[in-house]
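What follows is a set of notes on a single structure, which appears directly below.
Read-outs throughout are calculated quantities, based only on the coordinates presented, and are distinct from any laboratory measurement. In this text, all values refer to a predicted model and were calculated from it rather than measured experimentally. As a convention, Cβ positions derive from the backbone with ideal geometry for all residues, glycine included, and neighbour counts pool all protein chains shown.
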Amino acid sequence: MKLTKYIILFLILNFSALAIGVLLMDNGAQSTWYLNLNKAPWTPPGWVFGAAWTTIMICFAIYLGYLAKVNNSFKFMIVYAIQWFLNVGWNFAFFNQHNIKTGLVLITALTFLIIYITNKYKNKTKAKWLLLLPYIIWLCIATSLNAYILIYN
């Protein structure tokens, strides 16, 4: 399969995760529940979340496209699937179920999983692993925001 086809496949999968996550958010950041939470002083404005996730998922799709092209097997798809479910699951746990603790567990697991993917496939993808930096940085920020909400609410 050509690189472009892999990238398109992962763009579809990544943005499907975002779309499903939004559907499971139950009005998410606009809900009365979320608006009344004590949030971290470093919480970015709402538009940043959309811009960040769009950038992250594009970079991630490009990275995964290269990984699929250079990897002889699709074993990494199991790890990718876990990442996909953790990403979607966080939206449901945090925003829909208002379960801040479970949300923190899920987003922490997701952060470690993306770091694992980075380290596991670094040699195969060469400098392309840098495409995962926005994801890692954002997950660290998001984890800190989730932890702050857990501690101060």
Restricting to DSSP H runs of at least four residues, report the calculated mean residue ellipticity at 222 nm for the chain, -39500 (n - 2.57) per run over all residues, nearest 500 deg cm²/dmol.
-24000 deg cm²/dmol
Checking segment 71-153 for trypsin sites (Lys or Arg not before Pro) in a loop per DSSP with at most 11 other beta-carbon atoms within 10 Å yields K75
For segment 20-102, which chymotrypsin sites (Phe, Trp or Tyr not before Pro) are both in a DSSP coil and crowded by at most 14 other Cβ atoms within 10 Å?
W42, F74
Output the Cα-based Rg and Dmax of the chain in Å, rounding Rg to one decimal and Dmax to a whole number.
15.8, 49
Compute the separation of the alpha-carbon centres of segment 73-106 and segment 1-37 and state it in Å as a whole number.
11
Counting pairs of alpha carbon atoms under 8 Å apart in space and at least six apart in sequence, what relative contact order in percent does the chain give?
35
